[in-house]
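Everything on this sheet refers to the single structure shown next.
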Amino acid sequence: MRKPSLAGRVSFAAATRWTPRPLAAQPPRGFLSITFDDVPRSAWLEGGAILARHGLRGTYYLSGDLCGKTFEGREQYHLEDVADIAAAGHEIGSHLFHHLSTLTLSRSRMQEEITANDAFLARLLGPSFRPRSFAYPYGEVSLTAKNLCRRHFATSRSVQGGLNGAGADRDQLRILAIDNLFAADTDWTTVFRTVARENLWAIILAHGIDGADHPFSCPPARLDGAIRHALDAGLTILPVAEVMDHLAAPT
């Protein structure tokens, strides 16, 4: 997380302790979701190709205002990529229109950001399209944002590390970071064996999928290797919203 104001830090601390919608039951088996934030174009061109080789689908959290731009030194997704991502069967989630920290937003501005991103995606994917899951930009969640998101999305994802099981906060799901800044030495075999043995839900968070020496890049071989370890462990790999469907289904 970055350095918010005192009010922002208080709101963040309160939001992380408030769990209005805990996962009611343990997953019926070990799940993995692979998610991409922002989205750098390499997450689609390279990351999407890796998923396709394994016959898998992920979740892409898009910010409409980043489309066609350079952000944090990297080319972001193009307009035509959105339909291609959806056509390949991947889930498209929301990441606010302007990729702003929710700790800086009033309730009305937060609602405007959600609505604007919904409208952007609906223009590209059809008037009935509405994203089912959300990722907080920078992982920064306020009480106001969490309250709005729980009313608008089936689930929201944080950047807090960890695994998800019964009682986990579905409005602030935990992640396994795979970018250079965090994950170069992660023991994926051990992690995914734990997920499989304990019937948990792991969510990988990546940004760019490339060989750049960028803190928020993941080398293609690392993503491919993590996927292979997950498959070897017997995990079911699905987009975020589809895992939520499994958790809501009667057993």
Extreme residue, farthest from L247 (Cα to Cα), among residues of region 169-204 that are acidic (D, E) and touching a residue at least 24 places away in the same chain (Cβ under 8 Å)
D179
So A206 fits all but one of (1) open to solvent by less than 60 Å² (accessible area, probe 1.4 Å); (2) more than 17 Å from the chain's Cα centre (by Cα); what number is the exception?
(2)
Of the listed residues (V191, V243), the one being aliphatic (A, V, I, L, M), open to solvent by less than 10 Å² (accessible area, probe 1.4 Å) and either assigned to a loop (DSSP other than H, G, I, E, B) or at pLDDT 95 or above (or both) is V243
Check region 128-139 and report whether any residue there is charged (D, E, K, R), touching a residue at least 40 places away in the same chain (Cβ under 8 Å), under 14 Å from P20 (Cβ atoms) and surrounded by fewer than 23 Cβ atoms within 10 Å (Cβ to Cβ).
no
Taking the condition of being out of contact with any Pro (no Cβ under 8 Å at 6 or more places or on another chain) and either among the basic types (K, R) or surrounded by 15 or more Cβ atoms within 10 Å (Cβ to Cβ) (or both), how many residues in region 173-188 meet it?
10
Checked pairs for region 157-168, first part of a strand (DSSP E or B) and surrounded by fewer than 18 Cβ atoms within 10 Å (Cβ to Cβ), second modelled with pLDDT of 95 or more and of a type outside the set (F, W, Y), C-beta under 6 Å and 6 or more apart or across chains, list as Q160/R174
If we only count helices (runs of 4 or more DSSP H) wholly inside region 1-120, which ones have 1 or more residues that are open to solvent by less than 60 Å² (accessible area, probe 1.4 Å) and in contact with a strand residue (DSSP E or B) (Cβ under 7 Å, 6 or more places away or on another chain)?
41-45, 47-53, 79-87
Pair list, Cβ under 6 Å, 6 or more apart: region 106-127 residue over 15 Å from R151 (Cβ atoms), other residue open to solvent by less than 20 Å² (accessible area, probe 1.4 Å) and of a type in the set (S, T, Y):
N117/S94
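The values are calculated or read from the model by the stated rules, or taken from the named source; none is laboratory data. Just so it is clear, the structure is predicted and the values come from calculations on it, not from any experiment. Here the Cβ is made from the backbone with ideal geometry for all residues, glycine too, and neighbour counts use every protein chain on show. Heads up: the accessible areas ignore ligands, DNA and RNA and are worked out on the full protein's heavy atoms, side chains in. Shrake-Rupley method; radii C 1.70, N 1.55, O 1.52, S 1.80 Å.
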